[in-house]
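Heads up: the structure comes next, in structure tokens.
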């Protein structure tokens, strides 16, 4: 449904490279995640795939159509939620939805079954202006507007950024239901915990793909045994662990450090930390997360 081949895009007459030599594909009915921090190139790829931006090099195909030659056909068959809320803030929920349905030559009634589960959550406020909605309600409305013409492919650019935890969870549950209806979904997010909710993911940084696999596949590829280390003085612990010669990597994760070794140095590290005055150190083996894998790939 989506195919990118050697896509490159620069800005400022080539001075800034947004994406370089990007290639990946998304299968029909797949929920595919593009995972990376701000400035990684996610939005640039979305704009190229939705025919809003021309790539400098490479080719992209959506639903069998070339993004340059067949842009009109692509626009009829895809739904797009940009990263910034872009609906008419002075129109009500119902007015926005009616407007987008009319643009695509359809009505709310014709495709109501597709948006029913989402729209029913905001329908009690249908006469409220979009600009007065909470972040979670704005995203639900934007998703309804992106779906109202029954697209085959859905592009969601950081749809949960700035949304509360409960609304994020609800949003991903909605995406799962849409996937079950056969809609192909490409979603981007800077939140590493959301990567586990996708069928496959691509980790992207500075315009380059670091890895493409299932979330479980990326976790299995982590090469070292990983440990979580706790102590009451986390800042001093970080400095003292990093000063130890046998450390391969050491990063703070909340109140713990995630540490890997160059060899079997676990007991030697504990002795080193006791000598440094850490009397309450605990260390346990843990399963790496997507964020651990991302940091490893950056190195």
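Just a few scattered comments:
- The length gained by stretching the chain between residue 234 and residue 299 to full extension, at 0.36 nm per residue less their Cα-Cα distance, is 21.1 nm.
- Cα centroids of the range 93-146 and the range 33-72: 26 Å apart.
- Theoretical FRET efficiency, 1/(1+(r/R0)^6), r = Cβ-Cβ of residue 180 and residue 72, R0 25 Å, to 0.05: 0.25
- Virtual spin-label span in nm between residue 91 and residue 25, 7 Å along Cα→Cβ: 3.8
- Quarter of the Cα convex hull surface for the range 226-298, i.e. its orientation-mean projected area (nm²): 4.6
- Calculated P(r) of the range 1-140 - Cα pairs past 18 Å, %: 64
- Estimated [θ] at 222 nm from DSSP helical runs (n ≥ 4, -39500 (n - 2.57)) normalised by residues in the chain, nearest 500: -10000 deg cm²/dmol
- Reduced Cα scattering model of the range 35-106, Debye log10 I(q)/I(0), q = 0.13, 0.19, 0.28 Å⁻¹: -0.50, -0.91, -1.24
- The Kirkwood hydrodynamic radius of the chain, based on inverse pair distances between different Cα atoms, is 21.4 Å.
- In summary, the range 164-287 shows an alpha-carbon radius of gyration equal to 1.37 times the 2.2 N^0.38 Å reference for compact globular proteins.
- Range of Cα positions in the range 251-290 per principal axis (Å), largest first: 33, 24, 14
Quick note: the coordinates plus some simple rules give every number you see, no bench work behind them. Not measured: the values here are computed from a predicted model. For neighbour counting, all protein chains shown are included, and Cβ atoms are generated from backbone atoms with ideal geometry for every residue, glycine included.
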